[in-house]
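Engineer: Got a structure here, written out as structure tokens. Questions coming.
Every number here is computed from the coordinates shown, using simple stated rules; none is lab data. The model shown is predicted, which means the values in this text are computed figures rather than measured ones. Reconstructed Cβ throughout: ideal geometry from the backbone, glycine too, with neighbour counts over all protein chains shown.
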Amino acid sequence: MSPDDSRSLLPVEALEQLKNVVGHKGFISNEADLAPYLLDWRGQFRGISPLALRPDTTQQIADIVCICNEYNIKIVPQGGNTGMNGAATPDDSGSSIIVSTARLNKIRHLDPLNYTIAVEAGCVLQNIQKEAAQIDRLFPLSLGAEGSCQIGGNLATNAGGVNVLRYGNMRDLVLGLETVLPNGEIWSGLKGLRKDNTGYDLKHLFIGSEGTLGIITAATLKLFPKPKHFDTCFAAVVGLQEIIELLDRARHRSGDGVSSFELITRPPLELAFQHGKNLADPLAEPSELYALIEFSSSAEVNEEIMEGFLESALTDGLVSDAVIAKSETQRQALWRLREFLPEAEKIEGASVKHDISVPVSSIPEFVETAILAVNQYLPGIRPIYFGHVGDGNLHFNFAKPKTMKDKSFFLHKDKINEIVLDIVASLGGSLSAEHGIGQLKRDSFLHYTPSIDLYLMRQLKNTLDPNKIMNPGKLL
Ligand code: FAD
Ligand code: MLT
Ligand code: ZN
């Protein structure tokens, strides 16, 4: 028994058995090393747990889950811990252990002609992208946290990112899964088939389930031909209706070759310049609204397509200025600017975040109505929105009024959420487009979700996890 175990609420004998499963390299139980596992990326949720396990095989995870069932120990699965909603952070009861997939990180199988890659859950997203690129293939999931988030976390949150318009979200990129069920059984569904109509599609139960239905241990993912050519531009757009028209035009003019269409507003950009290093304004004059647009193709693309598209948009008054990246370095600089926005917002301090989606055609109405309503409620509040407008998904965030204290600002959080989410609901939208529910959005989720949907979800949860050991306090 270690001194740390004596302080835990959990049975010492169970903790010892769990440590034995993973061996001395596979667990963390001292306070200092545990700390990062107990705090979420935004620093808003801190939990309590005596133990983080770091298994390196599926069988070890199955053994861990069996022991937890026997002793009624709760399990919080954790990948890269980059999630936005506190879904990978234990609660403060001290009755959970963390199961980190960081060491379960092998590439199991590459099949170039089947355009698939089978990977373990702890593979870092960027490593999968690199692995695919080496065989002239693309794994298209791409997001700002790709250097640290893991594919298991991407699957469990059904992550989106900047290429959804062209390739779909995580759910669309999976052919098979392997999962340890809450009773400790291993479900092997690692198929690499694009067509398979044999009953319910079980993998979809686990995608987006935020660790509440089992621990994903491996996945077979879809690959695509690697793009040979990118055309990337940063354009100052004159208004919200114009940005939607620009998207429509970009899709037509590029032969539906738009892989990213991101909206950026001036306030988060200013925060990026203020808090980041080596980030330059791409255009001479500031504008309220920008689009970062990328066309890509696995064939050689005629650069004149993007030039022609922008010229027509300038002539027709949709765009007031624009720059096209002339090199890979310039392209990367534009993307660095976009990817730094969440970090800049975090550094700036207290904000109320939303990850909403509405039909693309309703974006202007949504933004205008919501900003007016929130401003009327709390004058001086600062809208700092940006996001994947091509998917109808905005990170529709508000920073506190400059002179307000964090504590006072957070007293308004629920009312701001209500104002924004009522408008989202009235437009047929979603309160979580890509980040999931976790702890942060649980109350809103329970409020806005129809009772029949909640009933079905609870039935599924009770069937798969009758002892309720998987990720308590998240989602449902
Ligand atoms: P974690 O945060 O560790 O876990 C997230 C959830 O998944 C938790 O519920 C956890 O219990 C569960 N989980 C983790 N691994 C498993 C497993 N193997 N089995 C079962 N459950 C598991 N998200 C987007 O969708 N699009 C973006 O564009 C985007 N950009 C981001 C940019 C930045 C800078 C940051 C910090 C985050 C961003 N995110 C984005 C959010 C985040 O990166 C994603 O939600 C990501 O998918 C989380 O992966 P993770 O490995 O960090 O998971
Ligand atoms: C992004 O698109 O940058 C993210 O999903 C992160 C965020 O919302 O802050
Ligand atoms: Zn996003």
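Engineer: Using modelled amide H (1.01 Å from N, peptide plane; none on Pro or chain starts), what sits under 5 Å from the amide H of residue 321, excluding residues fewer than 5 places away?
Structural biologist: Excluding prolines and chain starts, which carry no amide H, the hits are 236.
Engineer: Can I ask one more? What shape does the range 280-365 have by the C-alpha gyration tensor, where a ≥ b ≥ c are the square roots of the eigenvalues, rounded means a/c under 1.5, and otherwise prolate means a/b greater than b/c and oblate the rest?
Structural biologist: prolate
Engineer: Further, regarding this structure: Go through 19/195; 222/441; 277/402; 130/195; 25/407; 222/277 and tell me which ones have a Cα-Cα distance over 32 Å in this structure.
Structural biologist: Cα-Cα > 32 Å for 19/195; 25/407; 222/277; rest within.
Engineer: Measuring from centroid to centroid over Cα atoms, what is the spacing of the range 289-320 and the range 435-454 in Å?
Structural biologist: 39
Engineer: Separation of the range 63-105 and the range 368-404 by C-alpha centroid, Å?
Structural biologist: After rounding, the separation between the Cα centres reads 34 Å.
Engineer: Calculate how many DSSP beta bridges within the chain are antiparallel, expressed in % of all such bridges and rounded to the nearest 5.
Structural biologist: Around 85 percent of the beta bridges assigned by DSSP in the chain are antiparallel ones.
Engineer: Another question, if that's okay. Once a ≥ b ≥ c are taken as the square roots of the eigenvalues of the Cα gyration tensor of the range 43-135, is the result rounded (a/c under 1.5), prolate (a/b larger than b/c) or oblate (a/b not larger than b/c)?
Structural biologist: oblate
Engineer: Applying the Karplus parametrisation 6.51 cos²θ - 1.76 cosθ + 1.60 with θ = phi - 60° to the phi angles of the range 251-267, what ³J(HN,Hα) value in whole Hz is obtained for each residue in order, glycine and proline being reported as x?
Structural biologist: Per-residue couplings from phi come out as 5, 5, 5, 8, x, 6, x, 6, 9, 9, 8, 10, 9, 10, 9, 5, x Hz.
Engineer: Work out how much length residue 201 to residue 307 would gain on full extension: take 0.36 nm times their residue separation and subtract the Cα-Cα distance, in nm to one decimal.
Structural biologist: Working it through step by step, the gained length comes to 33.8 nm.
Engineer: What translational D, rounded to a whole number of µm²/s, comes out for the chain from Stokes-Einstein when the hydrodynamic radius is the Kirkwood one over Cα pairs, at 4 °C and 1.567 mPa s?
Structural biologist: So the translational diffusion coefficient is about 55 µm²/s.
Engineer: Using amide H atoms built 1.01 Å from N in the peptide plane, name the residues 5+ places from residue 229, or on other chains, whose amide H lies under 5 Å from its own.
Structural biologist: Hits under the 5 Å cutoff: 297.
Engineer: Still on this structure, I have one more. Which of the trypsin sites (Lys or Arg not before Pro) found in the range 303-374 are loop residues per DSSP with 13 or fewer other Cβ atoms within 10 Å of their Cβ?
Structural biologist: 326
Engineer: Further, regarding this structure: Mind jotting down the distance between the C-alpha centroids of the range 202-266 and the range 110-134, whole Å?
Structural biologist: Taking the Cα centre of each part, the range 110-134 and the range 202-266 sit 19 Å apart.
Engineer: Enumerate by residue number the GluC sites (Glu not before Pro) in the range 304-351 meeting two conditions: DSSP loop (anything except H, G, I, E, B), and at most 10 other Cβ atoms within 10 Å of the site's Cβ.
Structural biologist: none
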